[in-house]
Amino acid sequence: MQATAIAQPNIALIKYWGKRDVERNLPAVGSISITLRDLHTRMRVAFDDALGGDLLTVNGVPDEKMLPRLSACLDRIAGTNRPGARIVSDCNFPIAAGLASSASSFAALTVAGAAAAGKSYTTAELASLAGQASGSAARSLLGGFVELSNAGDDIAVREICAAEDWPLAVVVAITETGPKPVGSTEAMEISRRTSPFYARWVEQQPEELAVARAAIADREFSKLAAIAEHNCLKMHSVMWAARPPMVYWNAATMRCLQTIRRLQGEGVDVFFTIDAGPQVKAVCLPDAVPVVEAALRGTDGVTDFMTTGLGQGARLETDT
Ligand code: DP6
């Protein structure tokens, strides 16, 4: 009746932005991500007949705000007549600041919840369950380079390249750790309803997925860099043109972009990507890490940074 799972966040290189079915949380577009190694969420789920409802602590602090979303996820995993659950979540990076904490949280919750409930779901079923809670969470079930595709009436995830087969590194430049002004779920709907660029975004995605897939298959860094930066800037353009506009960047975000452009000009293999928050993720070849770290450390407004390689998908921990 109890299990612990660990999952790493993932960073999309070809982004998920927009939903084709809000009720079932099905994405409007496919996406490709890399699963990180050194950032994690550890989630322990213990069902207990004596509990009247669910209880959640995040990094040791009771959290009622996130609880309904986690409870709904456990209902889908274990059925609505399940016992109450004691959920303990520990995360070693800032939550809700555009660092995909929901991805690692819901991937870990899905794996731990299924094990605690004694269910043996297939990867496809786990992806569907995690994805209903948070679209990007389905990708954290797998490691390395992961593609999420819209498969028929649901979604599917597959590893398209193992972490060790193209061991890229990511330097995350933290510029602010407060929670974001608009959550991505709401921001996607505002984009869909009001952005004049939204339809074109959805239409062009298959082409960009194909370019990224080929770049990954051929380990062509500069080709992947070009398509990932383009896709990221296009996603933000969709938001900037929405009403109300949604701008997740701050001045330091922009300065990081300038730093990365300068490095690229010096021949360093690095590119940027930015999600629904002000942090900048610099993806680079492992040899470039010291120079990328030094350049971002010297960028005004960067308060901290984290460097990581690529890692595995969500998994159970054996100590329960
Ligand atoms: C910008 O997966 O957080 O990080 O399905 O509404 O929970 P919901 O959205 P979420 O959105 C992630 C958006 C993104 C891009 C990406 O990870 O692909």
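So between Ala199 and Arg315, what do we pick up on full extension, going 0.36 nm a residue minus the alpha carbon distance?
Length gained, Ala199 through Arg315: 38.1 nm.
At 0.36 nm per residue, and after removing the present C-alpha to C-alpha distance, how many nm does the segment from Ala241 to Glu220 gain when stretched out fully?
Working: separation 21, 0.36 × 21 = 7.56 nm, distance 3.19 nm.
Between Ala241 and Glu220, full extension yields an extra 4.4 nm.
You can think of it this way: the chain between Glu64 and Ala162 has 31.6 nm of extra reach, that is 0.36 nm per residue less the Cα-Cα gap.
Within the set Lys65/Lys119; Lys119/Lys180; Lys119/Lys234, which residue pairs have Cα atoms separated by over 29 Å?
On the way: Lys65/Lys119 27 Å; Lys119/Lys180 35 Å; Lys119/Lys234 40 Å.
Too far apart for the 29 Å limit: Lys119/Lys180; Lys119/Lys234.
Can you tell me the relative contact order of the chain? Whole percent, Cα pairs under 8 Å, sequence separation 6 or more.
Values: 744 pairs, mean separation 81.1, N = 320.
Computed value for the chain: 25 percent relative contact order.
When region 184-320 is described by a simple charge dipole with +1 on each Lys and Arg Cβ and -1 on each Asp and Glu Cβ, the residue from Thr318, Ala215, Ile190 located farthest towards its positive end is Ile190. With R₀ fixed at 56 Å, the C-beta to C-beta distance from Ser120 to Arg262 puts the FRET efficiency at about 0.65.
Determine the per residue accessible area of the chain with all protein chains present and a 1.4 angstrom probe, expressed in square angstrom.
Working: 13040 Å² over 320 residues.
Here the residues of the chain average 41 Å² of exposed surface.
Protein-only accessible surface at a 1.4 angstrom probe places the residues Thr185, Thr194 in the order Thr185, Thr194, largest first. Mind running the shape call on the chain? Use the C-alpha gyration tensor, a ≥ b ≥ c as the square roots of the eigenvalues: rounded below 1.5 for a/c, prolate if a/b tops b/c, oblate otherwise. Note, shape of the chain comes out prolate. Among Arg255, Arg44, Arg243, the largest mean-square fluctuation in a Gaussian network model of the chain (Cα springs under 10 Å) belongs to Arg243.
A Förster radius of 56 Å, combined with the Cβ-Cβ distance separating Ala294 from Asp21, puts the computed FRET efficiency at roughly 0.80. Taking the Cα centre as origin and putting +1 on Lys and Arg beta-carbons and -1 on Asp and Glu beta-carbons, what dipole magnitude results for the chain, to the nearest 20 debye? My answer is approximately 600 debye.
Can you compute the charge dipole magnitude of region 241-302 about its Cα centre, using +1 on each Lys and Arg Cβ and -1 on each Asp and Glu Cβ, nothing else charged? Give it in debye, rounded to the nearest 20.
On the way: 6 positive and 6 negative charges, 59 e Å.
Dipole magnitude for region 241-302 comes out near 280 debye.
If you fit an axis through the alpha-carbon atoms of helix 123-133 and take the longest principal axis of the Cα set of the chain, what angle between them do you get, 0 to 90°, nearest 10? Tilt relative to the chain: about 80 degrees. Considering only protein heavy atoms and a 1.4 Å probe, what is the carbon-and-sulfur percentage of the accessible area of region 141-220? It is 51 percent, rounded to a whole number. Between the alpha-carbon centres of region 152-222 and region 265-320 there is a gap of 16 Å.
The values are calculated or read from the model by the stated rules, or taken from the named source; none is laboratory data. The model shown is predicted, which means the values in this text are computed figures rather than measured ones. As a convention, Cβ positions derive from the backbone with ideal geometry for all residues, glycine included, and neighbour counts pool all protein chains shown. In case anyone asks, the SASA skips ligands and DNA or RNA and just uses the protein heavy atoms, side chains included. Shrake-Rupley method; radii C 1.70, N 1.55, O 1.52, S 1.80 Å.
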